[in-house]
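**Student:** Below is a structure I'd like to ask you about.
The values are calculated or read from the model by the stated rules, or taken from the named source; none is laboratory data. Owing to the predicted nature of the structure, the values given are computational and were not obtained by experimental measurement. No Cβ is skipped: glycine too gets one built from the backbone with ideal geometry, and neighbour counts run over all protein chains shown. The area values use the complete protein model at the heavy-atom level, side chains included, leaving out ligands, DNA and RNA. Shrake-Rupley method; radii C 1.70, N 1.55, O 1.52, S 1.80 Å.
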Amino acid sequence: MIQQLMTNGIIVGSIYALIAIGFTIIYSTVKFFHFAHGVVYTAGAYFAYTFFILLHINPFLSFFLSTVLTALLGIAIDRFIYYPLRKRNAPNLVYLIASFGVFIFLQNLLQLIFGAQILTIRTGPIKEGHHIFGAVITDIQILIIVVSLVLFILTWLFIQKTKLGKAIRAVSDDPIGARVVGINSEKIILTAFAIGSALAGAAGILISLETNIEPTMGMNAILKGIVASIIGGIGSIPGALFGGLFLGLVENLGIWKISAAWKDTITFVILIVFLLFRPSGIMGVKTDKEQI
């Protein structure tokens, strides 16, 4: 039983981690909570449904096209909503309200286009999973873990090793200093939104292979992503990864003795505990100084 719960925790934790990493990259550059990140996650699932189920496009090409579209959606949100606010030096509260507005608008738009009914991207017969170390895991679940790990490694290498990635870190650490040395902060913010949104979209696509799709799935996702970011030390990409995995494991082990209906309650109890007793997060990164 415990092996199965831990396996389930790693699977869902991988999704939380992708959402948290994307959220962290965006937050580190713009310094406000981008709640519309949740509806970008939802859009990724619906893009995949459109390409794979409605248009009958190859699944790998569907994954690629859906990820690209979510990146473009993130860029569009920044250009049309946040950029005009930055030009007016709007306070963070205005960004927060605007982000909620974008979330609600896009969620309702998805519901208008696809309907409120639950959809699925899964096709073909249900196959028996593999028995590994006393747990059962399916091919789709293995795919979720592997793709999540690959995306994390690629994102980490991009941020740490490339010139553009180093520019993102510079803007995150000191926006004014970055502009002084000639870094185009607007270009960096667009890049951050593209990468972060692509990761959220990828998470939405991966979860759609395992569970059903509905327009309201983004709210729970963004809350879990934010909690995972805070647990890991907000602003830290490795912290977001381990925070997501930690949250997934604790949630699934927590429902071992109690009802699954308490899963979200467990999440917020964990958040409160970490805010009260471990403000630096599990990766030791201070929450008052964003470092990616």
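**Student:** Quick one: would you say THR24 is in contact with a helix residue (DSSP H, G or I) (Cβ under 9 Å, 6 or more places away or on another chain), more than 22 Å from ILE168 (Cα to Cα), among the hydroxyl-bearing types (Ser, Thr, Tyr) and crowded, with 23+ Cβ neighbours inside 10 Å? Show your work before the answer.
**Tutor:** Numbers: in contact with a helix residue (DSSP H, G or I) (Cβ under 9 Å, 6 or more places away or on another chain): yes; more than 22 Å from ILE168 (Cα to Cα): no; among the hydroxyl-bearing types (Ser, Thr, Tyr): yes; crowded, with 23+ Cβ neighbours inside 10 Å: yes.
Considered against the rule, which asks whether it is in contact with a helix residue (DSSP H, G or I) (Cβ under 9 Å, 6 or more places away or on another chain), more than 22 Å from ILE168 (Cα to Cα), among the hydroxyl-bearing types (Ser, Thr, Tyr) and crowded, with 23+ Cβ neighbours inside 10 Å, THR24 comes out as no.
**Student:** Pairs please, first residue from segment 249-264 and charged (D, E, K, R) and open to solvent by less than 40 Å² (accessible area, probe 1.4 Å), second anywhere and modelled with pLDDT of 80 or more and assigned to a loop (DSSP other than H, G, I, E, B), Cβ atoms under 7 Å, 6+ apart in sequence or on different chains.
**Tutor:** That search, which allows pairs on different chains as well, returns nothing.
**Student:** Please work out if ARG122 is in a helix (DSSP H, G or I) and open to solvent by 50 Å² or more (accessible area, probe 1.4 Å). Break it down into steps so the answer makes sense when it comes.
**Tutor:** Values: in a helix (DSSP H, G or I): no; open to solvent by 50 Å² or more (accessible area, probe 1.4 Å): yes.
No, not satisfied.
**Student:** Quick test for you: out of ALA198, ALA192, ALA221, ALA240, pick the one residue that is under 18 Å from the mean Cα position of the chain (by Cα), closer than 28 Å to LEU112 by Cα and either open to solvent by less than 10 Å² (accessible area, probe 1.4 Å) or at pLDDT below 95 (or both).
**Tutor:** Numbers: ALA198 fails: either open to solvent by less than 10 Å² (accessible area, probe 1.4 Å) or at pLDDT below 95 (or both); ALA192 fails: closer than 28 Å to LEU112 by Cα; ALA240 fails: closer than 28 Å to LEU112 by Cα.
Going through ALA198, ALA192, ALA221, ALA240 in turn, the sole match is ALA221.
**Student:** Let me ask another. Within segment 91-119, can you find the residues that are over 17 Å from SER208 (Cβ atoms), assigned to a helix (DSSP H, G or I) and not aliphatic (A, V, I, L, M)? Spell out how you get there, then give the answer.
**Tutor:** Residues of segment 91-119 over 17 Å from SER208 (Cβ atoms): 91-105, 108-109, 112.
Filter once more, so that each one left must be assigned to a helix (DSSP H, G or I): 92-105, 108-109, 112.
Across segment 91-119, the qualifying residues are ASN92, TYR95, SER99, PHE100, GLY101, PHE103, PHE105, ASN108.
**Student:** Kindly check whether there is at least one residue in segment 155-175 that is exposed (fewer than 11 other Cβ atoms within 10 Å of the Cβ) and of a type in the set (A, V, I, L, M, F, W, C). Full working, then the answer.
**Tutor:** Start the filter on segment 155-175 by keeping residues that are exposed (fewer than 11 other Cβ atoms within 10 Å of the Cβ), which leaves 161, 163.
Subset that is of a type in the set (A, V, I, L, M, F, W, C): none.
So far as segment 155-175 goes, no, none of its residues is exposed (fewer than 11 other Cβ atoms within 10 Å of the Cβ) and of a type in the set (A, V, I, L, M, F, W, C).
**Student:** Find all pairs meeting these conditions: Cβ atoms under 8 angstrom apart; at least six residues apart or on different chains; first residue within segment 12-29 and assigned to a helix (DSSP H, G or I); second residue aromatic (Phe, Trp, Tyr) and surrounded by fewer than 24 Cβ atoms within 10 Å (Cβ to Cβ).
**Tutor:** Listed pairs, sorted by first residue: GLY13/PHE246; ALA17/PHE152; ALA17/PHE242; LEU18/PHE152; ILE21/PHE152; TYR27/PHE33.
**Student:** Here is a follow-up. Being over 18 Å from GLY232 (Cα atoms) and aromatic (Phe, Trp, Tyr) is the filter here; which residues of segment 1-52 pass it?
**Tutor:** Those that are over 18 Å from GLY232 (Cα atoms) and aromatic (Phe, Trp, Tyr): PHE35, TYR41, TYR46, PHE47, TYR49, PHE51, PHE52.
Residues are listed down the side, and each one gets a yes or a no for (1) open to solvent by 20 Å² or more (accessible area, probe 1.4 Å); (2) touching a strand residue (DSSP E or B) at 6+ places or on another chain (Cβ under 8 Å):
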site	(1), (2)
LEU206	no, no
LEU209	yes, no
ILE213	no, yes
GLY233	no, no
LEU245	yes, no
